[in-house]
Amino acid sequence: MIRLLGEFSVYVGSLKSSATRIPQVFALNFCSPTAVMNPASMTGSKSLLPFLMGPADRDEYRKTLADLVVDIHDPSRLNAMEIQALNKRLRCTNMVIYRCAAPENVTREHVSKLANQMGLGRPDRNLLAAKDGLSEVEVKGEAPFAHYIPYTNRPLNWHSDGYYQSGQRIIRSMLLHCAHPAERGGALTAIDHRILFSLLAELDIRFPEALSRTDAMTIPAHYEDGASRGASQGPVFFFEQNTLRMRYTARKHNVIWASDVLFQEALSALQELFEQSTDFQYTRRLELGEGILCANVPHRRESFEDGTDQKPKRLMYRGRFQESLNLG
C-alpha cells in the first residue's frame, strides 16, 4: 500500500497558474537566528515569498560557503563558541563542515555524542546500520551491502538520504564523518534545497507547486534477502511548520514520477539546476576527522579508489536522523 507523505503535515501554498516570475521582494533573512515563518497565515502566490532566498540571502550564502569549516577541539564536548559557529553556518546554508583537532582519536562514540549535542538524538536505524544506528559506509563485496551503490566505489548521483522512507520516518538531518579517506577521489558535493526552490520559482512560479504535489515521486516496494520496504509516495518539496524540506533522487530506475506535462517541465528544470547552479554548490573531499552536518540537503559523491590491502579503506560513519538540528 502506498503511503502519502501528507502524514508530514505538508503545506502547499495556493499558487497562481500563470507562468509569471516571482517578484524580487523577500521578507526573511535566512541567516538571522530569530527568523520565523508561519505558512499557515499565508495565502496565494505571496505565500512563497518568505521561503525564497533573495539576493541578500544568496550573497550571505556564498560567503558562508567560503567559510564553512568549523574547527572543534573535542566532538564529545562542544563548547559554546563551537556550537555558535556551527549554528551560524547551518542557518545560512543548511550545512556545516566540522574538523576535529585530534582526528586519529575520534571514535564512533564521539560522533554519536556530537550529533546528540546538536539535538539529533539516536540515529534512524536502517537495515544496514550497526546497533548504535550509525552505518559504516565502505566498499563491501558481500551481500546485502554489495547491492547498494553507497557500499561500492562508484559515483553516487544527487539524492537526499532516506528519500524512499515513509512519512513516519522522514530523515530531517544527516551526519557523515570521515574515519578514513579514500586514496583518491570520493569528494562530496552538496547544495541547500532552499536555493533550488528559489531558483525554480524564478523560472516559473508553478514549478515549486508541481514538485510539492503529494503524487510527485513514488518509490516502489522493495523486497530482498528476507527484508522488505514498503512503497512510498509523496512530494519533492514540502513544508513542516516553518521549515522547507526536500526528498529527491536522481536515479533512473525504481522511481516513478508524475507524468503530466507541467510536472515533467518542473522536474527537468530541477535536474538542469543541479548541473548549472555550481556557484551555489559546496564540494569537499573529507579528510580524517572531518564531517558534514546538514539538514539532509541534496548531495552527491564522486567515484573513488582505495589504496592497497595494507592501507585502510575509505570509511565513513553515517547517521540519519528524524530529528531536526537544534540551532538554538
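The values are calculated or read from the model by the stated rules, or taken from the named source; none is laboratory data. This structure is a prediction, so every number in the text was calculated from the model and none was measured. Please note: Cβ atoms are built from the backbone with ideal geometry, for glycine as well, and neighbour counts cover all protein chains shown.
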Report summary line: Within region 129-152, the residues that are crowded, with 17+ Cβ neighbours inside 10 Å and in contact with a strand residue (DSSP E or B) (Cβ under 6 Å, 6 or more places away or on another chain) are Leu134, Ser135, Val137, Glu138, Pro150
Query raised in the report: What is the number of the single condition among (1) at pLDDT 95 or above; (2) more than 19 Å from Glu323 (Cα to Cα) that Thr93 does not meet?
Result: (2)
Query raised in the report: Which pairs do you get when a residue that is in a helix (DSSP H, G or I) and of a type in the set (Val, Ile, Thr), found in region 74-95, comes within reach of a residue that is surrounded by fewer than 18 Cβ atoms within 10 Å (Cβ to Cβ) and modelled with pLDDT under 95, reach meaning Cβ atoms under 8 angstrom, with the pair 6+ apart or on two chains?
Result: Ile83/Gly328
Report task. For region 236-264, enumerate the residues that are modelled with pLDDT of 95 or more, out of contact with any His (no Cβ under 8 Å at 6 or more places or on another chain) and buried (at least 16 other Cβ atoms within 10 Å of the Cβ). Result -> Val236, Arg247, Ala258, Leu262, Phe263
Requested in this report: Inspect all residues belonging to region 188-201 and state whether any of them is part of a strand (DSSP E or B) and over 30 Å from Glu104 (Cβ atoms).
Outcome: no
Query - Filter result for Ile22 (crowded, with 17+ Cβ neighbours inside 10 Å and at pLDDT 95 or above) - result: no
Query - All positions within region 293-328 that are over 23 Å from Arg251 (Cα atoms) and β-branched (Val, Ile, Thr) - result: Thr308
Requested in this report: Write out, first by first residue and then by second, each pair whose Cβ atoms fall under 6 Å of each other, whose residues are 6+ apart or on separate chains, and whose first residue, in region 234-245, is closer than 13 Å to Ser324 by Cβ while the second is at pLDDT 90 or above and in a strand (DSSP E or B).
Outcome: Arg245/Phe238
Query - Leu156 closer than 22 Å to Arg300 by Cβ and either without any contact (Cβ under 8 Å) to a residue 24 or more places away in the chain or within 18 Å of the chain's Cα centre (by Cα) (or both) - result: yes
Report task. Go over the candidates Ser173, Ser198 one by one and state the one that is of a type in the set (Gly, Ala, Ser) and touching a strand residue (DSSP E or B) at 6+ places or on another chain (Cβ under 8 Å). Result -> Ser173
Report task. Please tell me if Thr278 is among the β-branched types (Val, Ile, Thr), at pLDDT 95 or above and either out of contact with any strand residue (DSSP E or B) (no Cβ under 7 Å at 6 or more places or on another chain) or surrounded by fewer than 19 Cβ atoms within 10 Å (Cβ to Cβ) (or both). Result -> yes
Query raised in the report: Within the bounds of region 307-315, is there any residue that is surrounded by 17 or more Cβ atoms within 10 Å (Cβ to Cβ), within 13 Å of the chain's Cα centre (by Cα) and under 26 Å from Asn116 (Cβ atoms)?
Result: no
Query raised in the report: In the set Gly162, Gly167, Gly186, which member is in contact with a Leu (Cβ under 9 Å, 6 or more places away or on another chain), in contact (Cβ under 8 Å) with a residue 60 or more places away in the chain and at positive phi?
Result: Gly186
Query raised in the report: Among Pro155, Pro123, Pro181, which is crowded, with 16+ Cβ neighbours inside 10 Å, within 30 Å of Gln276 (Cβ to Cβ) and not basic (Lys, Arg)?
Result: Pro181
Report task. Specify which of the listed residues (Ala179, Ala115) is part of a strand (DSSP E or B) and more than 23 Å from Arg229 (Cβ to Cβ). Result -> Ala179
**Report entry** Among the candidates Asp161, Asp192, residue that is modelled with pLDDT of 95 or more, touching a Ser or Thr at 6+ places or on another chain (Cβ under 7 Å) and surrounded by 21 or more Cβ atoms within 10 Å (Cβ to Cβ)
**Finding:** Asp192
Report summary line: Filtering region 77-90 down to residues that are over 13 Å from Leu327 (Cβ atoms) and crowded, with 16+ Cβ neighbours inside 10 Å yields Leu78, Glu82
